[in-house]
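What follows is one structure encoded as structure tokens, with my remarks underneath.
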Amino acid sequence: MFVDGGLLVMASAALKETPLLIVNLIMVMTVAYVLGKGIEVLARTALIFLAVVLIIGGFSLLVILFAGIVDLQRLLPVMGEGTGPILKSVVEKNIHFPFAELIVATVLMPALNQKKTGIKAGYLAILFCGVMLAQTSAITISVLGTNITERSVFPLLTMVGKANISEFIERTEILVVMVLIIGVFFKISLYYYAALMCTSELFKIPYKKLIYPYAVIILGNSMVLSRSYSEHLMKGSKYLYTVLPVFTIVIPAVLVILVMIRILVRRMKSKSKSRSEPNSNSSPAS
């Protein structure tokens with residue numbers, strides 16, 4: 001299991017003099033502490049930090065607009081090569097990352113008090129995140145252009161770093177780092193919690209007893225598997241197209257098919273049982 005690649009970006013961009021082990025250790029121990037308090041505490045923490053992220057995002061957007069670095073002409077031509085490249089990119093990348101990772105949300109469903117409301121909230125969250133990602137991508141391209149955006153390791157950080165107003169408001173990239181830390185924290189938390197709950201269900205062990213052993217495993221793997229962001233991308237891209245689709249597409253599809261077959265068999269049995277009952281009731285008494 002990797003500590004998220006965003007943490008490597010943060011360490012290389014904002015914490016250059018801090019050893020990667022210290023950065024990973026602080027993040028993993030913080031996540032472990034919150035999970036030890038329970039999933040409800042994590043959810044309430046997410047609600048608080050959602051407001052923080054929205055405020056930072058709104059402020060950053062205003063700074064970018066008033067800095068006068070937005071050029072909407074860089075967005076043209078829209079779909080200049082047709083829909084083919086877009087569909088190809090969706091199939092090759094965006095199905096697996098980030099949207100296929102929502103399979104982790106299925107582990108959270110049993111913890112919900114109102115599952116139907118939770119499903120609706122999940123759909124709204126996907127829609128909201130999709131709009132935000134599209135808006136962020138459009139603004140980034142309108143500031144940096146397609147070439148720099150494509151080549152940049154973290155284009156959002158590069159874009160916000162260009163924004164300054166009369167040498168009074170500048171170095172606003174620290175806001176992006178803050179959002180990055182918050183996002184990485186909750187992403188690690190959800191994967192961490194999913195791993196704990198799956199292990200707990202399989203081996204019938206209380207998940208709180210597994211929190212700190214898993215923290216040691218995560219921290220060790222984060223240092224062994226990738227020591228830099230470039231190494232993370234190189235190794236991660238191999239699993240993105242080979243291992244990840246098995247867990248995010250193949251296994252969930254097989255499970256859905258099995259559940260549908262099970263429901264169909266139950267309905268057929270109930271129908272056959274209901275048909276046999278009237279016949280038995282209408283038979284003459286001996």
**Request:** May I ask which residue of Thr146, Leu244, Leu65 lies farthest towards the positive end of the charge dipole of the chain, with charges of +1 (Lys, Arg) and -1 (Asp, Glu) on Cβ and the Cα centre as origin?
**Result:** Leu244
**Message:** Cross-link candidates for Lys209: which lysines have Cα within less than 23 Å, leaving aside residues fewer than 8 places away along the same chain?
**Reply:** Lys37, Lys187
**Message:** With volume of the Cα convex hull per residue in Å³ as the read-out, I listed [x] 238; [y] 156; [z] 197; which label goes with the value calculated from this structure?
**Reply:** [z]
**Request:** Leaving ligands, DNA and RNA out of it, report the carbon-plus-sulfur percent of the accessible area of the chain at a 1.4 Å probe.
**Result:** 69 percent
**Complete:** Label model pair Thr18, Phe247: point-to-point distance (7 angstrom along the Cα→beta-carbon line) in nm is 2.6 nm
**Item:** Acute angle (nearest 10 degrees) that the helix 211-225 long axis makes with the longest principal axis of the chain, alpha-carbon atoms
**Value:** 50 degrees
**Message:** Classify region 206-272 from the C-alpha gyration tensor, please: rounded if a/c falls under 1.5, else prolate or oblate depending on whether a/b exceeds b/c.
**Reply:** oblate
**Request:** Figure the gain on full extension for Thr117 and Val91 (residue separation times 0.36 nm, minus the Cα-Cα span) and round it to one decimal in nm.
**Result:** 6.4 nm
**Lys, Arg +1 and Asp, Glu -1 on Cβ, resulting dipole of region 54-138 about Cα centre, debye, nearest 20** = 340 debye
**Prompt:** Simple spin-label model, 7 Å along Cα-to-Cβ: Leu47 to Leu76 in nm?
**Reply:** 4.6 nm
**Asked** Residues of region 191-205 with amide nitrogen under 19 Å from the 7 Å Cα-to-Cβ point of Glu101?
**Response** 191-198
**Prompt:** Could you give the dipole magnitude of the chain about its Cα centre, charging the beta-carbon of Lys and Arg +1 and that of Asp and Glu -1, in debye to the nearest 20?
**Reply:** 1540 debye
**Label-point gap, in nm, between Ile55 and Asn221 - each point 7 angstrom along Cα→Cβ** = 3.5 nm
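The values are calculated or read from the model by the stated rules, or taken from the named source; none is laboratory data. What you see is a predicted model, and the numbers here were worked out from it, not measured in a lab. Don't worry about glycine lacking a Cβ; one is built from the backbone with ideal geometry, like all the others, and counts go over all protein chains shown. What goes into the accessible areas is simple: the full protein's heavy atoms, side chains included, and nothing from ligands, DNA or RNA. Shrake-Rupley method; radii C 1.70, N 1.55, O 1.52, S 1.80 Å.
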